[in-house]
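Taking it in order: structure first as structure tokens, then the write-up.
The values are calculated or read from the model by the stated rules, or taken from the named source; none is laboratory data. What you are looking at is a predicted structure, and each value in this text was computed from that prediction instead of being measured. All Cβ positions, glycine included, derive from the backbone under ideal geometry; neighbour counts span all protein chains shown.
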Amino acid sequence: MDHIKHYQIQSIPFLERSLIIEGPVPAETLSQFTLHPDLDAFRRPKEQHEALIEIAGLPEGRIIITRDEHTIVGYVTFHYADEQERWSQEHMTDLIELGAIEVADEYRSIGLGQRMIKTAFEDNQMEQYIVFTTEYYWHWDLKGSGLSVWDYRKMMERLMKIVDMEWYATDDPEICSHPANCLMVRMGRDVPLSSKEQFDHIRFQQRFMY
């Protein structure tokens, strides 16, 4: 499969300067920036920066960033699912995971998450994919946000609906382990029926759930 990547860039005002939202950003460009020290939700910033560079170098990998001059203050990742997860079991080339979204504390509440996700879908470049995201409450910043688990869940749903992602049922044990966890999916316009059916087989692996 040819992974088409259309680079997009925009600037938005922030205090007395501008932030740059851009992507997909190639690995060599990412390596020239630094990661904001607050971006530590998944691993230490230095290790997360290395992970972003690695993802950007993958054929299917896409990294959308927000940067304040040369400091990355937010990012969204797109890539194939980890080999340990059920979503990779059938090796679908048109099944892409929205893997992580993170914004540094002082840059929140100005819509960066929405803008970065929308950037990824500009120019119809994701219409050939089934894009999914798995939302787990243990990854959410409940303490920093001051939100309840259910309010945070609603916030994440609103965020993903910006690009028409919808809640999908599944019998995946991790998602089913807590009622706030969820699977959200966007079926691209050009995804064939065969891929949609294959994805259904991945979503439901307990026969009684069909």
Task: I64 farther than 25 Å from C182 by Cβ and among the β-branched types (V, I, T) - done: no
Open item on the list: Can you confirm whether V185 is surrounded by 19 or more Cβ atoms within 10 Å (Cβ to Cβ), in contact with a Gly (Cβ under 9 Å, 6 or more places away or on another chain), over 22 Å from A104 (Cα atoms) and without any contact (Cβ under 8 Å) to a residue 60 or more places away in the chain?
Closed with: no
- [ ] Among residues belonging to the stretch 180-210 that are touching a helix residue (DSSP H, G or I) at 6+ places or on another chain (Cβ under 9 Å) and modelled with pLDDT under 95, point out the one that is nearest to D151 (Cα to Cα).
- [x] M209
TODO: List the helices (runs of 4 or more DSSP H) that sit entirely inside the stretch 93-161 and contain at least 1 residues that are surrounded by 15 or more Cβ atoms within 10 Å (Cβ to Cβ) and touching a strand residue (DSSP E or B) at 6+ places or on another chain (Cβ under 9 Å).
DONE: 112-120, 149-161
Task: Complete set of residues in the stretch 32-69 that are of a type in the set (D, E, K, R), part of a loop (DSSP other than H, G, I, E, B), modelled with pLDDT of 95 or more and loosely packed, with under 15 Cβ neighbours inside 10 Å - done: E69
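If you take the residues in the stretch 17-31 that are in a strand (DSSP E or B) and not polar (S, T, N, Q), which one is farthest from the chain's Cα centre (by Cα)? Reasoning before the result, please.
Of all residues in the stretch 17-31, those in a strand (DSSP E or B) come to 17-23.
After this cut, where a residue has to be not polar (S, T, N, Q) as well, the list is 17, 19-23.
Values: R17: 27, L19: 20, I20: 18, I21: 15, E22: 15, G23: 13 Å.
Per the stated criteria, the residue is R17.
Does R44 meet the test of being among the charged types (D, E, K, R), closer than 20 Å to Y107 by Cα and free of Cβ contacts under 8 Å to residues at least 24 places away in the same chain?
Working: among the charged types (D, E, K, R): yes; closer than 20 Å to Y107 by Cα: yes; free of Cβ contacts under 8 Å to residues at least 24 places away in the same chain: yes.
Answer is yes for this residue.
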- [ ] Hey, could you check the stretch 70-84 for residues that are in contact (Cβ under 8 Å) with a residue 12 or more places away in the chain and part of a loop (DSSP other than H, G, I, E, B) and say which is farthest from Q8 (Cα to Cα)?
- [x] A81
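When the residues of the stretch 1-20 are filtered to those that are touching a residue at least 24 places away in the same chain (Cβ under 8 Å) and either of a type in the set (K, R) or closer than 16 Å to A56 by Cα (or both), which remaining residue is surrounded by the fewest Cβ atoms within 10 Å (Cβ to Cβ)? Don't jump to the end; show me each part of the working.
If we filter the stretch 1-20 for residues that are touching a residue at least 24 places away in the same chain (Cβ under 8 Å), which is where we start, we get 1, 3-6, 8, 10, 12, 14, 17, 19-20.
Filter once more, so that each one left must be either of a type in the set (K, R) or closer than 16 Å to A56 by Cα (or both): 3-6, 8, 17.
Details: H3: 17, I4: 11, K5: 19, H6: 13, Q8: 17, R17: 9.
In this case the residue turns out to be R17.
Out of Y168, Y137, Y129, which single residue is under 22 Å from A104 (Cβ atoms) and of a type outside the set (G, A, S)? Please lay out each step first, then the result.
On the way: Y168 fails: under 22 Å from A104 (Cβ atoms); Y129 fails: under 22 Å from A104 (Cβ atoms).
Of the residues listed, the single one that is under 22 Å from A104 (Cβ atoms) and of a type outside the set (G, A, S) is Y137.
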Task: Search result, residues across the stretch 59-76 that are under 15 Å from the mean Cα position of the chain (by Cα) and among the aliphatic types (A, V, I, L, M) - done: I63, I64, I65, V76
